[in-house]
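Q: Sending over a structure as C-alpha coordinates; questions will come in a sec.
The values are calculated or read from the model by the stated rules, or taken from the named source; none is laboratory data. Keep in mind that this is a model prediction, so the values were computed, not measured. Every residue, glycine as well, gets a Cβ built from its backbone with ideal geometry; the counts of neighbours run over all protein chains shown. Accessible surface areas use protein heavy atoms only, side chains included; no ligands, DNA or RNA. Shrake-Rupley method; radii C 1.70, N 1.55, O 1.52, S 1.80 Å.
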Amino acid sequence: RKEVEQDPGPFNVPEGATVAFNCTYSNSASQSFFWYRQDCRKEPKLLMSVYSSGNEDGRFTAQLNRASQYISLLIRDSKLSDSATYLCVVPNYGGSQGNLIFGKGTKLSVKP
Amino acid sequence: EPEVTQTPSHQVTQMGQEVILRCVPISNHLYFYWYRQILGQKVEFLVSFYNNEISEKSEIFDDQFSVERPDGSNFTLKIRSTKLEDSAMYFCASTGEGTQYFGPGTRLLVL
(Lines give C-alpha, C1' and ligand atoms only; values in the text may rest on other atoms or scores of the structure.)
Protein backbone atom coordinates (compact mmCIF):
# COMPACT_ATOMS: atom_id res chain seq x y z
CA ARG A 1 0.00 0.00 0.00
CA LYS A 2 1.42 3.35 -1.05
CA GLU A 3 1.62 5.87 1.75
CA VAL A 4 2.70 9.42 2.41
CA GLU A 5 3.77 10.21 5.95
CA GLN A 6 4.21 13.68 7.43
CA ASP A 7 5.26 15.31 10.65
CA PRO A 8 2.16 15.26 12.85
CA GLY A 9 2.46 18.85 14.04
CA PRO A 10 1.01 21.24 15.00
CA PHE A 11 3.83 23.72 14.61
CA ASN A 12 3.33 26.94 16.56
CA VAL A 13 5.92 29.55 15.59
CA PRO A 14 6.34 33.32 15.97
CA GLU A 15 6.28 35.63 12.97
CA GLY A 16 9.63 35.73 11.23
CA ALA A 17 10.60 32.20 12.24
CA THR A 18 11.90 29.56 9.87
CA VAL A 19 9.99 26.31 9.93
CA ALA A 20 10.56 23.00 8.14
CA PHE A 21 8.16 20.17 7.38
CA ASN A 22 9.20 16.66 6.49
CA CYS A 23 7.51 14.01 4.41
CA THR A 24 8.36 10.44 3.41
CA TYR A 25 6.73 8.46 0.62
CA SER A 26 6.66 4.78 -0.19
CA ASN A 27 6.19 4.82 -3.99
CA SER A 28 9.73 4.71 -5.36
CA ALA A 29 8.41 5.17 -8.93
CA SER A 30 7.14 8.68 -8.21
CA GLN A 31 8.69 11.30 -10.45
CA SER A 32 6.85 14.38 -9.26
CA PHE A 33 5.90 15.64 -5.86
CA PHE A 34 3.76 18.42 -4.59
CA TRP A 35 3.17 20.56 -1.55
CA TYR A 36 -0.38 21.80 -1.27
CA ARG A 37 -1.70 24.25 1.26
CA GLN A 38 -5.14 23.82 2.80
CA ASP A 39 -6.88 26.48 4.84
CA CYS A 40 -9.55 25.42 7.30
CA ARG A 41 -12.57 23.93 5.47
CA LYS A 42 -11.18 24.97 2.08
CA GLU A 43 -9.81 23.11 -0.90
CA PRO A 44 -6.16 22.14 -1.26
CA LYS A 45 -4.22 24.69 -3.28
CA LEU A 46 -0.92 23.96 -4.98
CA LEU A 47 2.00 25.62 -3.26
CA MET A 48 4.96 24.03 -5.02
CA SER A 49 5.82 21.26 -7.44
CA VAL A 50 9.07 19.34 -7.11
CA TYR A 51 10.39 17.46 -10.13
CA SER A 52 14.12 17.25 -9.52
CA SER A 53 16.26 17.75 -6.45
CA GLY A 54 14.39 20.80 -5.29
CA ASN A 55 12.55 23.99 -6.00
CA GLU A 56 12.60 27.50 -4.55
CA ASP A 57 9.91 30.15 -4.74
CA GLY A 58 10.50 33.23 -2.63
CA ARG A 59 10.35 32.27 1.03
CA PHE A 60 9.50 28.65 0.22
CA THR A 61 12.04 25.94 -0.57
CA ALA A 62 11.21 22.33 -1.30
CA GLN A 63 13.91 19.67 -1.35
CA LEU A 64 13.78 16.09 -2.59
CA ASN A 65 15.96 13.17 -1.62
CA ARG A 66 15.03 10.27 -3.91
CA ALA A 67 17.39 7.80 -2.27
CA SER A 68 15.72 8.32 1.10
CA GLN A 69 12.24 8.92 -0.43
CA TYR A 70 12.04 12.12 1.56
CA ILE A 71 10.69 15.57 0.74
CA SER A 72 10.93 18.69 2.84
CA LEU A 73 9.36 22.14 2.78
CA LEU A 74 11.14 25.11 4.34
CA ILE A 75 9.36 28.36 5.04
CA ARG A 76 11.54 31.34 5.87
CA ASP A 77 10.40 34.56 7.54
CA SER A 78 6.99 33.16 8.46
CA LYS A 79 3.98 35.43 8.03
CA LEU A 80 0.66 35.29 9.86
CA SER A 81 -0.90 34.42 6.50
CA ASP A 82 1.21 31.25 6.30
CA SER A 83 -1.01 29.70 8.98
CA ALA A 84 -2.59 26.67 7.29
CA THR A 85 -2.21 22.92 6.93
CA TYR A 86 0.54 21.84 4.56
CA LEU A 87 -0.11 18.68 2.59
CA CYS A 88 2.60 16.49 1.09
CA VAL A 89 1.19 14.93 -2.07
CA VAL A 90 2.54 12.20 -4.34
CA PRO A 91 0.99 10.84 -7.57
CA ASN A 92 -0.02 7.21 -7.20
CA TYR A 93 1.50 5.96 -10.43
CA GLY A 94 4.44 8.28 -10.81
CA GLY A 95 2.87 10.31 -13.60
CA SER A 96 1.14 13.56 -12.89
CA GLN A 97 -2.20 12.56 -14.47
CA GLY A 98 -2.69 9.79 -11.96
CA ASN A 99 -4.62 10.11 -8.78
CA LEU A 100 -2.90 11.79 -5.87
CA ILE A 101 -2.01 10.31 -2.51
CA PHE A 102 -2.19 12.85 0.28
CA GLY A 103 -0.43 12.93 3.60
CA LYS A 104 -2.47 13.81 6.65
CA GLY A 105 -0.95 17.26 6.64
CA THR A 106 1.01 19.34 9.11
CA LYS A 107 -0.75 22.25 10.72
CA LEU A 108 1.19 25.49 11.02
CA SER A 109 0.13 28.34 13.25
CA VAL A 110 2.13 31.56 13.01
CA LYS A 111 1.63 33.88 15.99
CA PRO A 112 2.30 37.61 16.23
CA GLU B 1 -7.57 32.75 -13.78
CA PRO B 2 -9.66 29.69 -14.72
CA GLU B 3 -10.95 27.67 -11.82
CA VAL B 4 -12.90 24.54 -10.97
CA THR B 5 -16.37 25.30 -9.66
CA GLN B 6 -18.67 23.06 -7.62
CA THR B 7 -22.32 23.18 -6.62
CA PRO B 8 -23.88 23.11 -4.15
CA SER B 9 -21.45 24.37 -1.54
CA HIS B 10 -23.42 22.57 1.18
CA GLN B 11 -25.90 19.71 1.02
CA VAL B 12 -27.87 18.16 3.86
CA THR B 13 -29.70 14.92 3.14
CA GLN B 14 -31.40 12.07 4.89
CA MET B 15 -29.80 8.64 5.04
CA GLY B 16 -30.87 6.55 2.06
CA GLN B 17 -31.48 9.51 -0.23
CA GLU B 18 -29.71 10.08 -3.52
CA VAL B 19 -27.46 13.10 -3.97
CA ILE B 20 -25.79 14.53 -7.03
CA LEU B 21 -22.75 16.72 -6.65
CA ARG B 22 -21.84 18.91 -9.58
CA CYS B 23 -18.54 20.18 -10.88
CA VAL B 24 -17.43 22.31 -13.79
CA PRO B 25 -13.76 21.51 -14.51
CA ILE B 26 -11.39 23.97 -16.13
CA SER B 27 -12.43 24.14 -19.77
CA ASN B 28 -9.38 22.77 -21.57
CA HIS B 29 -8.62 20.05 -19.03
CA LEU B 30 -9.02 16.41 -19.98
CA TYR B 31 -8.65 14.52 -16.71
CA PHE B 32 -11.20 14.82 -13.94
CA TYR B 33 -11.24 13.51 -10.40
CA TRP B 34 -13.34 13.25 -7.30
CA TYR B 35 -11.78 13.18 -3.84
CA ARG B 36 -13.34 13.25 -0.42
CA GLN B 37 -12.17 14.44 2.97
CA ILE B 38 -13.90 13.29 6.13
CA LEU B 39 -13.65 15.94 8.84
CA GLY B 40 -10.24 15.80 10.50
CA GLN B 41 -8.88 13.19 8.10
CA LYS B 42 -6.77 13.22 4.97
CA VAL B 43 -7.95 13.81 1.43
CA GLU B 44 -8.79 10.47 -0.23
CA PHE B 45 -9.06 9.64 -3.92
CA LEU B 46 -12.40 8.33 -5.17
CA VAL B 47 -12.35 8.17 -8.96
CA SER B 48 -10.65 9.53 -12.06
CA PHE B 49 -12.28 10.10 -15.44
CA TYR B 50 -10.77 10.48 -18.87
CA ASN B 51 -12.13 10.27 -22.39
CA ASN B 52 -15.68 9.79 -21.11
CA GLU B 53 -14.93 6.80 -18.96
CA ILE B 54 -13.63 5.91 -15.53
CA SER B 55 -9.86 5.44 -15.69
CA GLU B 56 -9.37 4.44 -12.07
CA LYS B 57 -11.37 4.08 -8.88
CA SER B 58 -10.54 3.44 -5.26
CA GLU B 59 -11.98 0.90 -2.84
CA ILE B 60 -14.23 3.66 -1.48
CA PHE B 61 -15.93 4.06 -4.88
CA ASP B 62 -18.36 1.16 -4.60
CA ASP B 63 -21.63 0.48 -6.41
CA GLN B 64 -23.35 3.31 -4.57
CA PHE B 65 -21.22 5.83 -6.45
CA SER B 66 -21.29 6.79 -10.10
CA VAL B 67 -19.84 9.58 -12.20
CA GLU B 68 -21.02 11.14 -15.40
CA ARG B 69 -20.09 13.86 -17.83
CA PRO B 70 -23.56 14.67 -19.15
CA ASP B 71 -22.41 17.47 -21.43
CA GLY B 72 -19.24 19.26 -22.44
CA SER B 73 -18.83 21.15 -19.21
CA ASN B 74 -20.32 19.35 -16.20
CA PHE B 75 -18.89 16.42 -14.27
CA THR B 76 -21.13 14.86 -11.65
CA LEU B 77 -20.79 12.47 -8.73
CA LYS B 78 -23.93 10.59 -7.70
CA ILE B 79 -24.35 8.74 -4.44
CA ARG B 80 -27.40 6.49 -4.83
CA SER B 81 -28.28 5.73 -1.23
CA THR B 82 -26.38 7.86 1.21
CA LYS B 83 -25.01 6.50 4.46
CA LEU B 84 -24.04 8.40 7.58
CA GLU B 85 -20.38 7.72 6.82
CA ASP B 86 -20.69 9.50 3.47
CA SER B 87 -20.68 12.78 5.37
CA ALA B 88 -17.56 14.56 4.14
CA MET B 89 -16.20 17.32 1.97
CA TYR B 90 -16.19 16.25 -1.68
CA PHE B 91 -13.65 17.89 -3.94
CA CYS B 92 -13.62 17.82 -7.70
CA ALA B 93 -10.30 18.33 -9.48
CA SER B 94 -9.10 18.60 -13.04
CA THR B 95 -5.76 18.63 -14.75
CA GLY B 96 -4.36 19.54 -18.11
CA GLU B 97 -0.59 19.79 -17.90
CA GLY B 98 0.12 17.90 -14.73
CA THR B 99 -1.09 20.08 -11.88
CA GLN B 100 -4.41 19.09 -10.35
CA TYR B 101 -6.58 22.05 -9.51
CA PHE B 102 -9.26 21.56 -6.91
CA GLY B 103 -12.70 23.06 -6.68
CA PRO B 104 -13.97 24.64 -3.45
CA GLY B 105 -15.78 21.47 -2.47
CA THR B 106 -19.28 20.41 -1.49
CA ARG B 107 -19.84 19.74 2.19
CA LEU B 108 -22.24 16.81 2.44
CA LEU B 109 -23.99 16.04 5.69
CA VAL B 110 -26.03 12.86 5.93
CA LEU B 111 -28.50 12.72 8.82
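Q: Is any residue of the stretch B:38-63 close enough, with backbone N under 19 Å, to a label point placed 7 angstrom from the Cα of residue B:84 along the Cα-Cβ axis, and if so, which?
A: From the stretch B:38-63, the list is B:38-41.
Q: Further, regarding this structure: Please compute the contact order of the stretch B:1-106 in relative form: average sequence separation of alpha-carbon pairs under 8 Å and at least six residues apart, divided by the residue count, as a percent.
A: On the way: 230 pairs, mean separation 39.9, N = 106.
With pairs under 8 Å counted, the relative contact order is 38 percent.
Q: Another question about this same structure. Say R0 is 41 Å: what FRET efficiency, to the nearest 0.05, do residue A:65 and residue B:28 get from their beta-carbon distance?
A: 0.75
Q: Taking a probe of 1.4 angstrom, what is the accessible area of residue B:67 in Å², to the nearest 10?
A: Only protein atoms counted, so the area is about 30 Å².
Q: Further question on the same structure: Tell me which cysteines of the protein assembly as shown come out unpaired when the rule is another cysteine's Cβ under 4.7 Å.
A: A:40
Q: Loop-only check: which GluC sites (Glu not before Pro) in the stretch B:20-111 are DSSP coil with at most 16 other Cβ within 10 angstrom? Walk me through the intermediate numbers first.
A: Numbers: sites: B:44, B:53, B:56, B:59, B:68, B:85, B:97; in loops: B:59, B:97.
Hits after loop and neighbour filter: B:59, B:97.
Q: Follow-up. For B:60, A:75, give me the order by solvent-accessible area with a 1.4 Å probe, most accessible first, ignoring ligands, DNA and RNA.
A: Largest to smallest exposure gives the sequence B:60, A:75.
Q: Beyond 22 Å between alpha-carbons counts as too far, so tell me which of A:45/A:79; A:104/B:83; A:2/B:42; A:45/A:107; A:45/B:78; A:45/A:104 fall in that bin. Can you show the working numbers first?
A: Working: A:45/A:79 18 Å; A:104/B:83 24 Å; A:2/B:42 14 Å; A:45/A:107 15 Å; A:45/B:78 25 Å; A:45/A:104 15 Å.
Where the Cα-Cα span goes over 22 Å, the pairs concerned are A:104/B:83; A:45/B:78.
Q: Here's something else I'd like to know. Along each principal axis of its Cα atoms, how long is the stretch B:22-85 end to end? Whole angstroms, biggest number first, please.
A: Extents along the principal axes, in whole Å: 33, 23, 19.
Q: Report, in whole Å, the centroid distance computed from the Cα atoms of the stretch A:56-99 and the stretch B:73-111.
A: That distance is 24 Å.
Q: Also: I'd like to know which of B:84, B:46, B:67 lies farthest towards the positive end of the charge dipole of the stretch B:33-111, counting +1 on Cβ of Lys and Arg and -1 on Cβ of Asp and Glu.
A: Of the listed residues, the answer is B:84.
Q: Just counting partner chain Cβ atoms within 10 Å, what average do the residues of peptide A:98-108 show around their Cβ?
A: Partner Cβ neighbours, averaged per residue: 5.
Q: Among DSSP beta bridges lying fully in the protein assembly as shown, give the percent that are antiparallel, nearest 5.
A: Bridges in the protein assembly as shown are about 90 percent antiparallel.
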